[in-house]
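Below you'll find the structure, written out as structure tokens, and then a few comments.
The values are calculated or read from the model by the stated rules, or taken from the named source; none is laboratory data. Owing to the predicted nature of the structure, the values given are computational and were not obtained by experimental measurement. Counting neighbours? That spans all protein chains shown, and the Cβs are built from the backbone with ideal geometry, glycine included.
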Amino acid sequence: MLMAVTKRTLWRHLAEGQYSHLPKDPQGRTVLWIHEVAAKFIIELLPGDGDPDTDDYALLALADQGDANCQCDFAIFLMEQEQHALAAHWLTLAARAGGHPDAMHHLSALHETGLGVQRCVETAMVWRSKAAQQGHLIAKAQLDALQNE
């Protein structure tokens with residue numbers, strides 16, 4: 001997804017030796033060296049010291065491993081780079097698997113505006129309601145304001 005190539009193209013590049021790969025991860029996915037592929041990404045990632053707050057590579061690695069906080073943070077990083085469709089993917093992962101209220105709230109905003117996803121007010125309200133149920137204070141305030149109109 002981050003390279004904007006199909007799986008078929010990526011497999012061809014692997015077969016041609018353009019990239020090396022590591023053993024498969026616990027989910028059975030092929031693992032690539034980020035240093036080899038990052039230059040091909042449609043976003044800019046900067047390496048750092050291994051702290052996901054300052055190292056984009058570490059943030060991506062933890063998000064890819066299923067850390068809901070990092071998935072949400074990576075989605076925000078993607079939105080900052082105007083990659084809303086990719087952000088929606090990571091927010092959905094954090095919201096569904098991790099029950100992450102901030103991810104739910106951000107998904108609500110994307111669906112409300114139609115950035116990166118099909119605009120749908122009903123879907124936006126579903127995500128906002130789920131965020132509020134998870135204790136998201138802004139989502140709660142927004143729903144209360146709608147009820148008081």
- Note on the structure: The number of residues in region 80-133 that are in a loop (DSSP other than H, G, I, E, B) and out of contact with any Ser or Thr (no Cβ under 9 Å at 6 or more places or on another chain) is 12
- Query: Has region 36-49 got at least one residue that is closer than 21 Å to Pro26 by Cβ and exposed (fewer than 15 other Cβ atoms within 10 Å of the Cβ)?
  - Reply: no
- Message: Can you report the number of residues in region 1-32 which are touching a His at 6+ places or on another chain (Cβ under 8 Å) and either over 27 Å from Ala88 (Cβ atoms) or not in a loop (DSSP other than H, G, I, E, B) (or both)?
- Response: 3
- Message: Looking at region 18-35 only, could you name the residues that are among the aliphatic types (A, V, I, L, M) and surrounded by 11 or more Cβ atoms within 10 Å (Cβ to Cβ)?
- Response: Val31, Leu32, Ile34
- Test for Leu62: is it more than 26 Å from Leu91 (Cβ to Cβ) and either modelled with pLDDT of 90 or more or aliphatic (A, V, I, L, M) (or both): no
- Message: So, in region 36-59, exactly how many residues are over 9 Å from Met3 (Cα atoms), touching a residue at least 12 places away in the same chain (Cβ under 8 Å) and outside any loop (DSSP other than H, G, I, E, B)?
- Response: 4
- Exclusive hit being modelled with pLDDT of 90 or more and more than 20 Å from the chain's Cα centre (by Cα), set His13, His21: His13
- Task: Search region 90-107 for residues being under 12 Å from Gln134 (Cβ atoms) and not hydrophobic (A, V, I, L, M, F, W, C), and hand back the single one that is modelled with the lowest pLDDT.
- Result: Gly98
- Message: Just to verify a result, which residue in region 102-131, among those that are touching a residue at least 24 places away in the same chain (Cβ under 8 Å) and farther than 21 Å from Leu86 by Cβ, is surrounded by the most Cβ atoms within 10 Å (Cβ to Cβ)?
- Response: Arg128
